[in-house]
Amino acid sequence: MFTQTAVRQSLQNITANPGCHGRLAQYLRQIKSYHSARQLFISPAPMLAQLRINALNDGKDVIMPGPGLKDGFYLLKPFTVPFTKLSFAVSNKGLPKFGRRLAAGDLAALALDLLITDAWAVDEQGTRLGDGQGFFDLSYAIMTEHKALKDSCLKYAVLDNPERLLSETELPTNDWDVRMDGVILPAGIMALPKAAKRNHPIYWDKLPRKRIKKLKPLWEIWRSLN
């Protein structure tokens, strides 16, 4: 059985394609549910910067995790950031200045319509391979814990190189991995097989206590349970 680490090593020579990032951002606007969406979670990856900017310009609330999830999540409200500051506002450095940090009660009041993230790879069954730090899957579990996701919430991965879409071999998975509903590729949007709805709890037994204490949203939940 090949491991996730082995797959990442096999993909490390695939080149990035920053020239298509603007096109990828435009494709997000072609997803049917995007038009009615009010709140989007978008990962902080630099390649998704234009997606975050477009969402704000389109009147959407953008929820982003802060660096390393240490301070939790931030909300960027549309039309509150000067146009010339948008690129900075949607970056890790600008987020604390232009965004509002969300406390546990704020998370519980969310109703997320779409989640957008980057990925090392996605297979055609919707299995996503991240960078190994687990921040997206952990963010999803935290949002699930706070009931911040709509039942109709969809998850899309953005790939700037079609070689990162694996068509033949299903990726190895962990219990906490979140399956994607679709991918956004340089050639367009691809829907993936609808996965059965799964509960995504926080796997506390897999998280070292030291890490729990370092991540504010995790620590807040852990304290409320203990």
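The values are calculated or read from the model by the stated rules, or taken from the named source; none is laboratory data. Every value quoted in this text rests on a predicted model; they were computed, and no experiment measured them. Here Cβ is always computed from backbone atoms with ideal geometry, including for glycine, and neighbour counts include all displayed protein chains.
Couple of notes before you dig in:
- Selection within the range 1-29 - within 13 Å of A121 (Cα to Cα) and small (G, A, S): A6, S10, A16
- Scanning the range 53-94 for residues that are part of a loop (DSSP other than H, G, I, E, B), closer than 24 Å to L149 by Cα and among the hydrophobic types (A, V, I, L, M, F, W, C) yields F79, V90.
Every residue, every condition in (1) of a type outside the set (S, T, Y); (2) in contact with a strand residue (DSSP E or B) (Cβ under 8 Å, 6 or more places away or on another chain); (3) surrounded by 11 or more Cβ atoms within 10 Å (Cβ to Cβ); (4) within 27 Å of R101 (Cβ to Cβ), yes or no:
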| position | (1), (2), (3), (4) |
| --- | --- |
| K150 | yes, yes, yes, yes |
| L165 | yes, yes, yes, no |
| V178 | yes, yes, yes, yes |
| D181 | yes, yes, yes, no |
| M190 | yes, yes, yes, no |
| I202 | yes, no, yes, yes |
| R211 | yes, no, yes, yes |
| K214 | yes, no, yes, yes |
| W222 | yes, no, yes, yes |
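- Within this structure, I42 fails the test of being more than 21 Å from L185 (Cα to Cα), among the β-branched types (V, I, T), in contact (Cβ under 8 Å) with a residue 12 or more places away in the chain and touching a strand residue (DSSP E or B) at 6+ places or on another chain (Cβ under 6 Å).
- Taken over the range 109-134, the criterion of being under 21 Å from K216 (Cβ atoms) and modelled with pLDDT of 95 or more is satisfied by A109, L110, L112, L115, T117.
- Selected residue (criterion: nearest to the chain's Cα centre (by Cα)) from residues of the range 123-148 that are crowded, with 19+ Cβ neighbours inside 10 Å and among the hydrophobic types (A, V, I, L, M, F, W, C): F136
- A search for C-beta distances below 8 Å between a residue of the range 74-85 that is on the phi > 0 side of the Ramachandran plot and crowded, with 17+ Cβ neighbours inside 10 Å and any residue that is of a type in the set (A, V, I, L, M) and not in a strand (DSSP E or B), counting only pairs 6+ apart in sequence or on different chains, returns nothing.
- Positions within the range 1-47 being in a helix (DSSP H, G or I), hydrophobic (A, V, I, L, M, F, W, C) and under 22 Å from S152 (Cβ atoms), in sequence order: L28
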